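J.: My structure is below; once you've seen it, I'll send some questions.
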Amino acid sequence: MKISFRGLELIKEFEGFSANAYLCPAKLPTIGYGNTFYTDGTKVKLGDQISKTDALELLEFVANKYFADKIFKHIKVLLPQNKFDACVSLAYNIGANAFIQSTLLKKINENDFESAANEFLKWNKSGGSEMLGLTRRRKREYELFNMLS
């Protein structure tokens with residue numbers, strides 16, 4: 001299963017675009033729509049630049065190959081596209097391994113979608129403090145997850 005246009009748009013909205021590499025909060029060189037590496041696995045370096053077109057291609061590649069493909073292997077139930085997109089957006093932000101180990105995934109695999117949806121809202125902290133941007137993103141992922149497909 002692959003992320004849809006709607007899922008990519010959600011990631012783009014919250015990651016924002018940067019043509020020039022910068023240090024993200026985790027102190028990693030980042031470019032485009034929150035990418036720390038290129039399609040060939042090369043790490044982004046400060047001083048790198050990317051066009052919006054190339055950044056969109058990179059986003060789609062990374063979102064599918066490193067997030068959608070990885071988490072899909074661990075989802076044991078049939079998910080509508082909107083629920084899958086919300087999960088990929090979360091994994092893109094917190095990391096695929098954190099998603100795979102999450103209570104959210106456990107609840108999905110138990111077909112407990114209501115409890116799973118509520119788990120999105122718990123991923124809004126950085127360094128133990130609530131972050132407004134993460135709270136906004138988690139609410140949007142929650143809404144997408146709960147949307148009637």
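The values are calculated or read from the model by the stated rules, or taken from the named source; none is laboratory data. This is a predicted model, so every value here is computed, not measured. Please note: Cβ atoms are built from the backbone with ideal geometry, for glycine as well, and neighbour counts cover all protein chains shown. Heads up: the accessible areas ignore ligands, DNA and RNA and are worked out on the full protein's heavy atoms, side chains in. Shrake-Rupley method; radii C 1.70, N 1.55, O 1.52, S 1.80 Å.
J.: Where the second residue is open to solvent by 40 Å² or more (accessible area, probe 1.4 Å) and modelled with pLDDT of 95 or more and the first is under 12 Å from N82 (Cβ atoms) and small (G, A, S) and lies in region 1-20, which pairs have Cβ atoms under 7 Å and are six or more apart or on separate chains?
T.: So the pair list comes out as S4/Q81.
J.: In region 47-69, what residues are over 12 Å from the mean Cα position of the chain (by Cα), closer than 18 Å to L10 by Cβ and surrounded by 16 or more Cβ atoms within 10 Å (Cβ to Cβ)?
T.: A55, L56, L58, listed by residue number.
J.: Only helices (runs of 4 or more DSSP H) wholly contained in region 62-119 count here; list those with 3 or more residues that are closer than 15 Å to F5 by Cα.
T.: The helices (runs of 4 or more DSSP H) meeting that bar are 81-94.
J.: How many residues are under 15 Å from the mean Cα position of the chain (by Cα) and either part of a helix (DSSP H, G or I) or in contact (Cβ under 8 Å) with a residue 40 or more places away in the chain (or both) when one looks only at region 120-142?
T.: Of the residues in that region, 11 qualify.
J.: Let me ask something else. Of the conditions (1) farther than 17 Å from F145 by Cα; (2) surrounded by fewer than 18 Cβ atoms within 10 Å (Cβ to Cβ), S4 fails just one. Which one is it?
T.: (1)
J.: When you go through (1) open to solvent by 40 Å² or more (accessible area, probe 1.4 Å); (2) at negative phi one by one for V44, which number turns out not to apply?
T.: Exception for V44: condition (1).
So that you can scan it fast, the table gives a plain yes or no per residue for (1) out of contact with any Ser or Thr (no Cβ under 9 Å at 6 or more places or on another chain); (2) surrounded by fewer than 16 Cβ atoms within 10 Å (Cβ to Cβ); (3) more than 19 Å from E15 (Cβ to Cβ):
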{"residue": "G95", "(1), (2), (3)": "yes, yes, no"}
{"residue": "T103", "(1), (2), (3)": "no, yes, yes"}
{"residue": "D112", "(1), (2), (3)": "yes, yes, yes"}
{"residue": "E119", "(1), (2), (3)": "no, no, yes"}
{"residue": "L134", "(1), (2), (3)": "no, no, no"}
{"residue": "R137", "(1), (2), (3)": "no, no, no"}
{"residue": "E143", "(1), (2), (3)": "yes, yes, no"}
{"residue": "M147", "(1), (2), (3)": "yes, yes, yes"}
